[in-house]
1. For the range 188-203, check the following and say yes or no: at least one residue is in contact (Cβ under 8 Å) with a residue 60 or more places away in the chain and more than 17 Å from the chain's Cα centre (by Cα).
2. Does the range 26-37 contain any residue that is farther than 24 Å from residue 171 by Cβ and either in a helix (DSSP H, G or I) or modelled with pLDDT of 90 or more (or both)?
3. I'd like to check which helices (runs of 4 or more DSSP H) are fully inside the range 166-277 and have at least 3 residues that are modelled with pLDDT of 85 or more and surrounded by fewer than 20 Cβ atoms within 10 Å (Cβ to Cβ).
4. Quick check on the range 68-89. Is at least one of its residues more than 30 Å from residue 156 (Cβ to Cβ) and at pLDDT 85 or above?
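The values are calculated or read from the model by the stated rules, or taken from the named source; none is laboratory data. All of these numbers come straight from a predicted model, not from anything done at the bench. No Cβ is skipped: glycine too gets one built from the backbone with ideal geometry, and neighbour counts run over all protein chains shown.
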């Protein structure tokens, strides 16, 4: 009697076509990457009729195909920093159609950017859509001025919807990413830049340094410095570039030698990421190392390390203002006055121009629109005591800017030279290194809090995020009347 055959026939991913004895290896391509790979099934002849040999030969093909699937999935993943790209695109769309509305009422507008040929071809490839679009346009144009303006709003909305479809068609988008995408398209201002120095990157960087024999203490210090930079970028809502590294260094209150160590740590991380992190290399392929080229203060510094900045009193400010006038530097005197009544950053004040002075609800305000983070882009009522100076500066300007300065440095900062002039004036007037122009922000916040202004409103006026999701995400902020009442509590200088 014949013994039963208990051998298990492993034919997974193996097939034989009808009428053939040859074995084939077969693997279905997952739906999410079929368009990228260009097929639904991988199949390959193993050129053998032996099942045992087929089982041996299939492995190399399956490994190759799985690698292709993984690569295809990675290529469809949203790139690092995709939110910023979406925001930039939507802000451009909104700006274009806002300009078109201005043109309709007779204003001069910038030239339109080049047409997106891919988008144009996609639209023209749908005759029914073109016909419906032309009919709708004719209807709106027949409704006069209001119809023309409404048409621009409708076209902007169409482009926003197309942007969403293009992103979801080209990439694999999770439900969470889809919700964020929809939110960003509806309100680009809701975006807060995320630090590219993520926890995963820092862990990978730490492992790299440790695997190459880095001393644990030194590795901890290097990673710790980058973690602090990441926290700064997230808290301020800033991207990684030369200016933000410069601002970060300024916030540290460390000795020059210590600041140099921070820059060396940054350069080491940058070089690692540019060589070993594919996504980072693609994101920053056209960028220069933001940690090089900084001019650190010479000597000193250590005596102020870890100490809080001093605030300016009213008498201090009057003293500095008079010293600037005595030295024949009226722009610097005006800058000091603006700092006292606004608490704005020095670069924000140097960027104020004629278009920055606006009227909201009948109140003359500063529009800090050139600031980088969401919180710092704000509208602040002008203190009554400052109105005569603002009127004078508006009439005297020759280049639209309220504060005349030397031409901007190579990074576009207008405050570079006048900031140094303020430092010299401060020292000559007997103030310590803990008194910096940024101290005016501390002064204004202190004065507002002491005048019983609510913490959230004080932060809103100087451009700080409150840290409250309810306020920062859902609230539209205080009214102009409320902000004017608060800013008016700052003591008058003269």
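1. yes
2. yes
3. Answer list for the range 166-277: 199-211, 216-236, 242-252, 256-276.
4. Yes, the conditions are met somewhere in the range 68-89.
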